[in-house]
Amino acid sequence: MDWYPLWNSLRIALISCAAVFFLGIFAAYHIAKLPRTVKGVLDVVLTLPMVLPPTVVGYFLLLLFGAKRPVGIFFMEQFGVKLVMNWYSAIFASIVVAFPLMYRTARGAFESFDETLAWSAQTLGQSNSWIFWRVRMPYCRQGILAGTVLAFARALGEYGATSMIAGYTPGKTATIATTVYQLWRTNDEAGAMRWVLVDIAISAVVLLAVNLLEKKQKAGGRK
Amino acid sequence: MSLEVNITKKLDGFTLRAEFTAGSTATALLGASGCGKSMTLRCIAGIVKPDAGRIVLDGRVLFDSEQHIDLPPQQRGVGLLFQNYALFPNMTVEQNILCGLKAEKDKAVRRERCAEMLRAMRLEALAKRCPAQLSGGQQQRTALARILVGRPRILMLDEPFSALDSYLREEVESEVGSLLAGFDGTALLVTHNRDEAYRLCREMAVMDGGRVLRTGTTKEVFADPQSITAARLTGCKNILPCTRVDAHTVRLTGWDAPLRLAAEVPEHCTAVGIRAHDLAPCAPGAQNALPVKAVSSSENPFDWNLIFLAPDGTTRLWWKVSKATLGAAAPAAPQCFAAAPESIMPLV
C-alpha cells in the first residue's frame, strides 16, 4: 500500500492548522475589540468560507492563484513557484476553510474574558504581551483548544477546494480524501475502505487526545 | 503625599466631572451606583482615558490633556483593588503575589518580599492554592497582598466589601481599616455605603451624576451635607421641604409653626434634613415642636423604625430608636416631636 496520501494529508493539515492557529487568534483578538457594526461586517466576511460550498472557495482561489492570474503569474515570474497543482496548493484551501472555525471559537473565548484581569495586571506593571500570553490565553485556553481541534479536523477532511486547486496526482497531490474518491471511482472499493479506516482512526485519535488533555487540565486545576 | 484630580469624561447618559484632592489619609468617594466613582478610579489608574483634565500624584503628572501626558497604567505606581479582586485564576496565591513584583529584578529579593507579604497577610498556609479554592476574605487578602507588595504610591479600593457575605464583611472591614490606617500614602475608598465611609475614612467626597458635590472631613460632611443628595447619601431619612423665613428660621411644608435652626439658612434653601435618630418626643408647644400622626412601625434587630405623617398628611417623618435589648417592645408613639436647632441641617 502506498502511504503517500497519509503523509501528504498530515503535513497539509498540520501546516494549515498552525497557520490558522495564529491567524485566527490574531483576527479574533483584534476584532473582539472593534465597535459592533464593524465587527458584524467583518464577521460575515470571515465566516463565509465556512458556509459556502468548498467548490466556490476553490473557484475563488483559482481566480487568485491560477497560472494565468495576477498572483499566480507574479509568483511564477519572481520565484519560479507554481501555486496550483502542487502538494502545498492544498494548504491554501485548508487554511481558508478551517480559518472560520478557529476564528469564531477563539473570538467567543476572548469575548468572555474578564477584562478586569487585564486591567489589574496593567496596574501591577505587567506588559501587554505578558498579559496576553500569561493571563488572556490561559483563561481562554478551552475555547482556543477547541478551535484548534476543529480547524485541524476540517483541514484533514478538506476535499472540495483541494480537488480544484491541487487536483489528484498520485504521489504528488493525493490526500486521503481525494484518494478515497479516486479509488472508489475506479471501482477499487477495498482500497477506498482501507483509506476510510485510516481516516477514521486518525480522527478518533485526535479527539481522544483532546479529551484526555482536557481531563488532565481539570484535574490539575483542582490540586 | 497628595492626589489632585480634575478630569472630564463623557459617558453613557452623563458627563463625569470629577474634581477633588486627597491628602495622605484615607478618603472615601461616596455615591450611588453608576455615579462615576469607579470610573474616576479607572481614570486615575490609567485604564480609562479622560477626555480632558489633569491628574497629579505626589507632584508627578500622570495625565494632562493640554501637555499631552498620558502615562500607561504600568508606569503610574497605583494600586487598584477591583470589586471582584481580579486574581489570575491560573496562578497560585504565591504566583499572583509575585506578579506584583514586576519592578524588582533580583530573584532573592522577590522571594523574600513575597514571603514577607504572605506572612503579613496571613496567607502562608494558602500559598500554593488557586484562587478558586479560597474564601471571599482570603481572595481579598491575596489581591491586597499582590497590590501592596509592589509598594504603590496610592491605594484605591473599589467597593471592597460588596462581594463578601454580610457575616464576613465586618471582620474583613476591620482588617482593611487597620491596613488603611497603616498605609503610607494616599488611599481612596469607593463605596455606596455611608457606614463604611464613616468608619474607614477621615476625609470624604460625595459624588452624584458624575460630579463631586461636597468634600471635607467625614465628620463635617455628615454633620452638614449641604445638598439634598449628599444628605440622602449620608443616610438622612427626613428630608423635609421648606421655605426660608429668615437667617435662622424656616417653615416646613405640612406644619404651621416655624422651625428654629442653629445653622445659618442659605438664601435658596429648599429643604432641611433631620436624622431619624435626632427626633425626640416632646410636649405640644415646646420649641420646634412638630405634631404628628403615627402610621406604622417596623422592627430591626437593634432598633425600631417608626413612620409618622404631618398633620395634613403630606410629609413623612422617620423616627429611629435604639433598642436596649433584642426583645425590647416598640416605644410608645408620641403626639409631638422636637428637633434640636443644632441637629437641623439646611439643604439646597
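Values quoted throughout were computed directly from the atomic coordinates according to the rules given, and no laboratory measurement underlies them. Since this is a predicted model, take the numbers as computed values, not measurements. For neighbour counting, all protein chains shown are included, and Cβ atoms are generated from backbone atoms with ideal geometry for every residue, glycine included.
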Identify, by number, the condition in (1) closer than 23 Å to B:Ser343 by Cβ; (2) in contact (Cβ under 8 Å) with a residue 12 or more places away in the chain that B:His192 doesn't meet.
(1)
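Quick one: which of B:Thr40, B:Thr92, B:Thr21 is under 22 Å from B:Gly137 (Cβ atoms) and of a type in the set (Ser, Thr, Tyr)?
Values: B:Thr40 fails: under 22 Å from B:Gly137 (Cβ atoms); B:Thr21 fails: under 22 Å from B:Gly137 (Cβ atoms).
The match here is B:Thr92.
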Flagged in segment A:1-58 as among the small types (Gly, Ala, Ser) and under 30 Å from A:Met193 (Cβ atoms), in numbering order, are A:Ser9, A:Ala13, A:Ser16, A:Gly58
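Just give me the residues in segment A:44-63 being of a type outside the set (Val, Ile, Thr) and either more than 17 Å from the chain's Cα centre (by Cα) or not in a helix (DSSP H, G or I) (or both), in sequence order. Walk me through it before giving the result.
Pass one, segment A:44-63, residues of a type outside the set (Val, Ile, Thr): A:46, A:48-50, A:52-54, A:58-63.
Of everything in segment A:44-63, those that are of a type outside the set (Val, Ile, Thr) and either more than 17 Å from the chain's Cα centre (by Cα) or not in a helix (DSSP H, G or I) (or both) turn out to be A:Leu52, A:Pro53, A:Tyr59, A:Phe60, A:Leu62, A:Leu63.
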Take B:Leu259 and decide whether it is part of a strand (DSSP E or B) and over 20 Å from the mean Cα position of the chain (by Cα).
yes
Filter segment A:90-121 down to residues that are crowded, with 23+ Cβ neighbours inside 10 Å and over 13 Å from the mean Cα position of the chain (by Cα) and give me whichever is farthest from A:Ile12 (Cα to Cα).
A:Ser120
Can you name the residue in segment B:67-100 that is of a type outside the set (S, T, N, Q), surrounded by fewer than 18 Cβ atoms within 10 Å (Cβ to Cβ) and farther than 15 Å from A:Ala118 by Cβ and, of all such residues, is nearest to the other protein chains (Cβ to nearest Cβ)?
B:Leu71
Can you name every residue in segment A:101-139 that is at the interface with another protein chain (Cβ under 8 Å from one of its Cβ atoms), in contact (Cβ under 8 Å) with a residue 24 or more places away in the chain and not acidic (Asp, Glu)?
A:Tyr139
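On the given criteria, is B:Thr229 surrounded by fewer than 19 Cβ atoms within 10 Å (Cβ to Cβ), of a type in the set (S, T, N, Q) and not in a loop (DSSP other than H, G, I, E, B)? Before you say what the answer is, go through the steps one by one.
Numbers: surrounded by fewer than 19 Cβ atoms within 10 Å (Cβ to Cβ): no; of a type in the set (S, T, N, Q): yes; not in a loop (DSSP other than H, G, I, E, B): yes.
Taking the combined requirement at face value, the residue does not satisfy it.
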Lone unmet requirement of (1) in a loop (DSSP other than H, G, I, E, B); (2) within 19 Å of B:Leu200 (Cα to Cα); (3) within 14 Å of chain A (Cβ to nearest Cβ); (4) of a type outside the set (D, E, K, R) for B:Phe161
(3)
Strands (runs of 3 or more DSSP E) lying entirely in segment B:1-104 (those with 1 or more residues that are over 30 Å from B:Ala132 (Cα atoms))
B:3-10, B:15-22, B:26-30, B:52-57, B:60-64
